Amino acid sequence: MLFAGLREQVGWAEQQWPADPNCTSEITPRQLWLNLKLPGDLGPQVRVAINRQFADADTPLKPGDELAFLPPISGG
Amino acid sequence: MQLRVDLHSTNFEPLVALARWQEERQQSGISNNAAEAVFVGRVRGVAADGSELEALELEHYPGMTEQQLERLALDCCHRHGVNSCLAKHRIGRVLPGEAIVLVAIGADRRGPAQRCCQELLEALKHDAPFWKREWRANGSSEWLSGNTPL
C-alpha cells in the first residue's frame, strides 16, 4: 500500500504480491521496494508498516502480511 | 485512565467537544481533575510558500491511524500518570480557521497535565500516519513533507 505523495508519484495505491512457495529466502520490505520498482532506494524518509504497525525495512514478510510504505508523516 | 480518541471527517468545535467530555466524565462518576491542559490546533490561512491557502487535505491510513493514536495516547498517559485524555483529529478537507487537532489531558497536577499534552501532540504529529496536502487559492496543490517548527 502507498499513500499521499508517494502514491501519486508512482501511480498506484495497492497491489497484491504473490507469495512464492519455491522461494527459499523470505522477502523483506526493502527487497519488495526494489522488485516493485519504487523510486530510488528505500531511505529513512519512507517508513514501513507491516500489519498496521511500524516495522524495520528488513523484517521478513509472511504470506498474508499487509505492507505499507509511508512517506513523511505530517499530522496535527 | 479514561481515554477517548476520535477521527472527524467534518468540522468539530473544540469547546463543544470539551464541554461534552466534561459532562461524560461527570455522568460516569469520574471525579473532576485538579489540572487540565488543552491544545487546539487550527489550519492557517497561509500556505508554506506564503501564498493564500484555500484548504488543507488530510489523508490517513484507515485502521493504522486509529490504532496508532490510541497506542501513543496510552503510552504517553501512563508515562505521565494522568487521569484522562481526549484526542480528536480531523481528516478530509479542512478549511482555514477550522480545528485540525484537539488534545486535552486531565491530571492531579499541572506538571503532568502540561507535559503529557505537549508530548502527545508531538507524538501524533510525527508518529501517527497522517499526510497533509495544501490546496492553494490559485488551484495548485502540494503534499507537505514534514511539520512546522515547534
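Here are some notes:
- Per-residue ³J(HN,Hα) for the range B:121-126, Karplus 6.51 cos²θ - 1.76 cosθ + 1.60, θ = phi - 60°, Hz, x for Gly and Pro: 4, 5, 5, 6, 5, 9
- Taking Lys and Arg as +1 and Asp and Glu as -1, the other residues whose beta-carbon sits under 14 Å from that of residue B:82 total +2.
- Calculated on the Cα set of the range B:2-137, radius of gyration then Dmax: 15.4, 49 Å.
- Pairs of Cα atoms in chain A fall into 5 Å distance bins, from 0 up to the last occupied one, in shares of 3, 14, 28, 28, 16, 7, 2, 1, 0, 0 percent.
- Cβ neighbours within 10 Å from other chains - mean over A:62-75: 5
- Inter-part distance where the range A:17-55 and the range B:61-138 are each reduced to a Cα centre, Å: 29 Å
- Taken residue by residue and averaged, Cβ atoms of other chains lying within 10 Å of the Cβ of B:122-128 number 3.
- Seen against the Cα atoms of chain B and their longest principal axis, helix B:14-27 is set at about 20 degrees.
- Summed residue charge, Cβ within 13 Å of residue B:56's Cβ, Lys/Arg positive, Asp/Glu negative: 0
- Fraction of beta bridges assigned by DSSP in the range B:1-116 that are antiparallel (%, nearest 5): 70 percent
- Computed from phi, the 3J(HN,Hα) profile of the range B:74-84 under the Karplus parametrisation 6.51, -1.76, 1.60 (θ = phi - 60°) reads 4, 4, 5, 5, 5, 4, 9, x, 8, 8, 8 Hz, with x in place of Gly and Pro.
- DSSP beta bridge pairing in the protein assembly as shown, given as percent antiparallel to the nearest 5: 80 percent
- Kirkwood-Stokes translational diffusion coefficient of the protein assembly as shown, alpha-carbon pairs, 4 °C, 1.567 mPa s, µm²/s: 68 µm²/s
- Taking label positions 7 Å along the Cα-Cβ direction at both residue B:71 and residue B:147, the computed distance is 1.7 nm, reported to one decimal.
- Within the shell of other residues whose beta carbon sits under 15 angstrom from the beta carbon of residue B:4, the net charge comes to -2, with Lys and Arg scored +1 and Asp and Glu -1.
- Phi angles across the range B:133-150 convert, under the Karplus curve 6.51 cos²θ - 1.76 cosθ + 1.60 with θ = phi - 60°, into 3J(HN,Hα) values of 10, 8, 10, 8, 5, 7, x, 7, 8, 7, 6, 7, 10, x, 10, 5, x, 5 Hz, Gly and Pro given as x.
Coordinate-derived values only; no laboratory data. Please read all numbers here as calculations on a predicted model, not as lab measurements. Neighbour counts are summed over all protein chains in view; Cβ atoms, including those assigned to glycine, are modelled from backbone coordinates with ideal geometry.
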